[in-house]
Each structure stands twice: as structure tokens, then as C-alpha cells.
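Have a look at the structure below, then the notes.
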Amino acid sequence: KLLEILGERGMTPLAAQKTSEALAARKDTQSADLLAAALRRHADYADDRTAPPVDFLARAVAALGAGGRSVTPELVAQLRLPETPTPAAAQIARALVATGAEEGVPALRDYLTMYRADPVHDADPSALIAVAEALLKLGGPADRRLMLFVAEEPHTVAPLRAHLVKALGETDPGAATRTA
């Protein structure tokens, strides 16, 4: 029922937020299939169907923890869609981390490399930062090298570059051996 409510048109932002919080608070792993089905829906002008509230759905998946891992393919598919809003991309990245979905790493890599230089993210780099943080947590050494490149590449948006320099310095696995 909460998913139906979230899909209604004309819902006030406060009502959508409260409904989303109630959905995430349930932490019902049996609802993973319902969340996956909701994420598979797409906007369709001809059918007068709006896009699902991906950011709220991703938050609900994250609340499931490892129980939400079965929804990974739908989250990855949403992350790859160009019409996915940037706040939703940030929530998807957080959900992939919360569920431990390492199979989402290629999509995270693609998102970071595709949008790292987009000036739209100068004012609000939160989605790029969330994706970079997810890559740090889920990715391997090759992903660290990618993020080092992104941090040093002059076309990368400045807020992301600054964050990556700091994050890579704080998580450097070789730092302990160099200082000892």
C-alpha cells in the first residue's frame, strides 16, 4: 500500500517524505520483490505514467541491508538511465553499499566517469561524492586508481576533486606502512 501511495500524482513533498520514511522503517525483506517491481516501472507519456520515486525506493532498499541485495539489478538499471535524478543516484549508491552489492561496481564506475566533468554537479556534487564513496567501499585497487585519475584530472568538477583527494588520503592502504 505504501508503494501505491508513493506512486500517486500530486502528493505533497511532506507526504511523500513521510510515506518513504514509513516504507524504509518497515525493513521487510519480503518486500524486496515489490521494491524491484516498482523500480522496473518507467515514465511513459503515452500511458500517462510518471517515473517511480527512485530515491525513496532506493532508501527503502538500503534499509533492508543484505536482504535487499536481490534488488541490485533494478538499482543498477536505474543508475544507468540518463533521466534518473541526481538525488536518486546518490541514494542508489548508498543502497548498493548498504546491501553490499559489489556487482554494482561497473555501473558506479560508469556513472562517475560519465558525469565527473558535468558542470551541473559544480553546485551540488552530492551524487558524484556518494558514487565515489560507494566505489571506495565496494571497489578494488583498479577503482582506487580510477578515482586517483578523476581527482587529478583538471576537467573533473572542483568539489569532487577536493573530496577525492581527501578521501583517497584517508583511506590509503599503504599509508600505515610508510609512516611506521
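The values are calculated or read from the model by the stated rules, or taken from the named source; none is laboratory data. On a predicted model such as this, the values are computed, not experimentally measured, just so you know. Cβ: placed from backbone, ideal geometry, glycine included. Neighbour counts: every protein chain shown. Accessible surface is based on the protein model in full, side chains and every heavy atom, while ligands, DNA and RNA are left aside. Shrake-Rupley method; radii C 1.70, N 1.55, O 1.52, S 1.80 Å.
Overview of results
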| quantity | calculated |
| --- | --- |
| In region 58-83, residue farthest from A43 (Cα to Cα) [restricted to those that are open to solvent by 50 Å² or more (accessible area, probe 1.4 Å) and touching a Gly at 6+ places or on another chain (Cβ under 8 Å)] | A66 |
| Count of residues meeting criterion [within 13 Å of the chain's Cα centre (by Cα), among the charged types (D, E, K, R) and farther than 26 Å from R145 by Cβ] in region 65-113 | 1 |
| Qualifying positions in region 91-118 - closer than 15 Å to G65 by Cβ, aliphatic (A, V, I, L, M) and open to solvent by 10 Å² or more (accessible area, probe 1.4 Å) | V97, A98 |
| Scan of region 31-89 for residues that are among the acidic types (D, E) and assigned to a loop (DSSP other than H, G, I, E, B), ordered by number | D47, D48, E83 |
| Among residues of region 119-134, those that are part of a helix (DSSP H, G or I) and surrounded by fewer than 24 Cβ atoms within 10 Å (Cβ to Cβ), counted | 8 |
| Filter result for D143 (more than 22 Å from P119 (Cβ to Cβ) and outside any helix (DSSP H, G or I)) | no |
| Any chance T177 is polar (S, T, N, Q), in a helix (DSSP H, G or I) and at pLDDT below 95 | yes |
| Tally, over region 36-57, of residues that are at pLDDT 80 or above and open to solvent by less than 70 Å² (accessible area, probe 1.4 Å) | 9 |
| Qualifying residue in region 107-114 (condition: under 30 Å from R41 (Cβ atoms), of a type in the set (S, T, Y), assigned to a helix (DSSP H, G or I) and without any contact (Cβ under 8 Å) to a residue 40 or more places away in the chain) | yes |
